[in-house]
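Quick note: the coordinates plus some simple rules give every number you see, no bench work behind them. The structure displayed is predicted, hence computed values, not measured ones. Counting neighbours? That spans all protein chains shown, and the Cβs are built from the backbone with ideal geometry, glycine included.
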Amino acid sequence: MGRDRSYTRRRARPGRPSEPRTTLRPRAAWFRGRARNVLRGPRRLLAVAGAVFTVAVLVLTLVPRQAQRAFSALAPRPEEWRDSTGAIAALARAVAEVEAANAALASARAEAAAPPVQPVPIQPAPTREALRQRDSLRVVVGAIQRELARVERAPLPASYRQLGELPEVVVEPGVRPLLDSLVVVEREREEFAALGGVDPIYVSLTSRVNAIGRSIQGLAERRLAAARQELTALVPPAPPAPVVAERPPVDTLTPLRRVVGAEQAERSARDGLEMVRRTNAALMERAEMARQGANFIAPPLAVFGAALVVALAVGYLWRLAEEMRRPRVADGDELEWETGVRTLAVVTATGSSENHLRRRSDGLLPEVLDPGGEIYRTLYLRISPTGSAIPTVAVTGDDPSVVATVAANLAAAGAAEARETLLVDADLRSGMLTDALQVRTSPGVSELLRGEAAWPDALTSVVSGRDRVVAVIPAGTVRRGEAPPASDHFREEFWRMARRHDLTVVAAPLTDAPVGEGWVVPVADVLLIVRAGVTPLERLRATVAALRGAGLRIQGGVVWDGGSPVFERSVPARRRVREPVS
């Protein structure tokens, strides 16, 4: 099964107890887990979908027949149809009247807006002397404007001197003295400029040159203004406006009233025609609907397809609502988020590995064992360094068959690594591990607790691979109404036997057994097995809290993604079972 890695996980370090998370799980990941659990349990989904499918098929079959009779009654009667010929003729007459009224109104408005005939004023022709003076003044204005523009672009002494030397400007009083002063000051400034550096007298002379130039520029602008004033005075005055003769007013109110009345009549005609057409369109739609409804027969394939879609949708939503009310473990990430227990492996119940049963000797193996599975080998390598000199771990969970399967394959993985492995079936109620391995049922743990058998007599073995054997202590036979407690002598013998092996795996389900008194084998390290889509989150949190409250160390969790294994009841003898070893 693929692992969901859409968010970051915080794993506990091997050998250290995990702590609950303090951060919130993303809401999208939580909803994704609920949807995945819905798809894991198809039986209830298919049961609900089957019931809904049956109801939907009946509804989709019976309802169309009732609808056909209802649609037949919708057909319009002949007297309900309306004739639109008169409405169309009335609209045509109204449109013609509107056009005639608009034409009359446009003619009246054109007559009222036409200007009266006015006499054209006679402009007196200018004399030859006035034309000559105007041309001269235009030449003066143009020359002064060009030089002023040059001064604006390049305010230099040469530009000021050229402006002042214009014939049109030099005649102004005060221009010639300014020109002479400009020549004298410029000559003195050139003498100081030859000395180099920045001299205060040179700066003062430069300011003086600029002041003289601006004075010349001001006299030139005054001359330009005078020339423009003289040029304006030569333009002859406009002739007086002619007197317009009054004419009688034109009547436009009567044509306007005619247009308003014609437009109202046109709107009334259009509304009447639209109402007739709308009524006939509604009747046509009713007739078409009645015809289609009366002739409609749903294809059987479409009926079954629609019923199937509705059934699957309702079944999925029903199962999703149940999952939302009582959420279950979806994957290893959710196990870590909810309890803080690190996920060591995710086991998919898909049968044996590809290398299984390749050799004839593998045919003697129990069906529950998967000697070539990498998942159990990785799980063994993760729990082997538990911090104790002799690794001893208890495999527990709420499903005895799953616990037996994981414990048996974990022990087989240890044996495949050339380790002396001991497998103990502490499930005294069902003895599921004994049934899974098909070993003898007694003597076992029950007889050891009652003191009716010795430890060497309780040992048996099962072949777990090529030249690999796992020592097994079965559950034994429990007498009705008896729950033998674990004595100190039993615990001492158990640890003595565990020290003789490199790995000791105890299959101890949590079914109806409270932690503490019901914990037959005294093992502190626990491997918790949860079933994806089956184990409720509330029960999982309570189980983890109970295990930790009893002082047990949860080394990690294994997520079982698949159905519950089914085993045959064990019989006293099997060919693949060896004799007990001492």
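Given Cα positions, please report Rg to Rh for the range 518-558, the hydrodynamic radius being the Kirkwood one.
Rg divided by Rh gives 0.97.
Take the Cβ-Cβ distance between N280 and A103 as r, set R0 to 41 Å, and report the resulting FRET efficiency rounded to the nearest 0.05.
Plugging the Cβ-Cβ distance into 1/(1 + (r/R0)^6) gives 0.75.
With labels modelled as points extended 7 Å from the Cα through the Cβ direction, what inter-label distance (nm, one decimal) is found for A112 paired with D180?
7.9
Based on the Cα atoms of the range 128-233, what semi-axes does the equivalent ellipsoid have, where each is the square root of 5 times one gyration tensor eigenvalue, given in whole Å with the largest first?
So the equivalent ellipsoid measures 34, 11, 10 Å along its semi-axes.
Any idea what the dipole of the range 128-233 comes to, in debye rounded to 20, about its Cα centre with Lys/Arg Cβ at +1 and Asp/Glu Cβ at -1?
Result for the range 128-233 is approximately 480 debye, rounded to the nearest 20.
Under the rule of at least 5 residues apart or a separate chain, name every residue whose amide H is placed under 5 Å from the amide H of V424.
For V424, whose amide H was placed from the backbone, the distant partners under 5 Å are I473, V505, V506, A507.
Provide the packing ranking of 75-81, 44-50, 395-401, i.e. peptides ordered by the mean count of other C-beta atoms within 10 Å per residue, highest first.
Packing proxy ranking, top to bottom: 395-401, 44-50, 75-81.
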